[in-house]
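*Asks:* Below: one structure in structure tokens.
Just so it is clear, none of the values below were taken in a lab; they were calculated from the coordinates. The structure displayed is predicted, hence computed values, not measured ones. FYI the Cβ positions are ideal-geometry reconstructions off the backbone, even for glycines, and counts take in every protein chain you see.
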């Protein structure tokens, strides 16, 4: 049924390897998943990972149906989304720095389990962080077509299948990352680790926002 829609076994192995290497490269999604796991527990990390995966689904659908191509053709639209994404990263970074620098006596008491609304908030943060990064949309447009079989009878369907593969493999990696981060947080002093990671995460988020703005295309 999928004959001709997916790449050959050799190309599929190359695709899976490339996706894995992209996943293990520390970036916004990697950092957000680890920081939320250490600071708020594995349930929060899983919720953030699910939000990130939902964002990747949005990008995959947008790339398959031309949204990424429009962003590439119209620098004004790309720049507008970049400014929104950079602003959100700065907002996240400042929030992490504020939490890290809060005096120990003001830290909220730990909770046995975050409330459901907090988990929705974690998922929303992951979703917005991913969706408001136009470079992810352009990445899907540049990366996935390389593995669409030239003889595919339905190239859009091939694109969607590869996008689904990318999302599933990325989500699996993030869930493993949550488990590893949760294990690490149990072995290390939790408050010190959370504050240190929060400060580092805040600085990295702000740095990523600045880099995103520096790399924005010049308007015609």
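*Asks:* By counting other Cβ atoms within 10 Å of each Cβ, how are 214, 183 ranked from fewest to most?
*Replies:* Least to most surrounded, the residues fall as 214, 183.
*Asks:* While we're looking at this one, here's another question. By how many nm would the segment from residue 14 to residue 58 grow when fully extended, if each residue of separation counts as 0.36 nm and the alpha-carbon distance is taken off?
*Replies:* Taking residue 14 through residue 58 to full extension adds about 13.5 nm, to one decimal.
*Asks:* Rounded to the nearest 0.05, what FRET efficiency is calculated for residue 124 and residue 73 with R0 set to 45 Å and r the Cβ-Cβ distance?
*Replies:* After rounding, the FRET efficiency stands at 0.90.
*Asks:* If the chain between residue 80 and residue 98 were fully stretched, how many nm would it gain, using 0.36 nm times the residue separation less the Cα-Cα distance?
*Replies:* Value of the extension gain: 3.8 nm.
*Asks:* Given the peptides 122-128, 15-21, arrange them by the average over their residues of other C-beta atoms within 10 Å, most packed first.
*Replies:* Ranked from most to least packed, the peptides come out as 122-128, 15-21.
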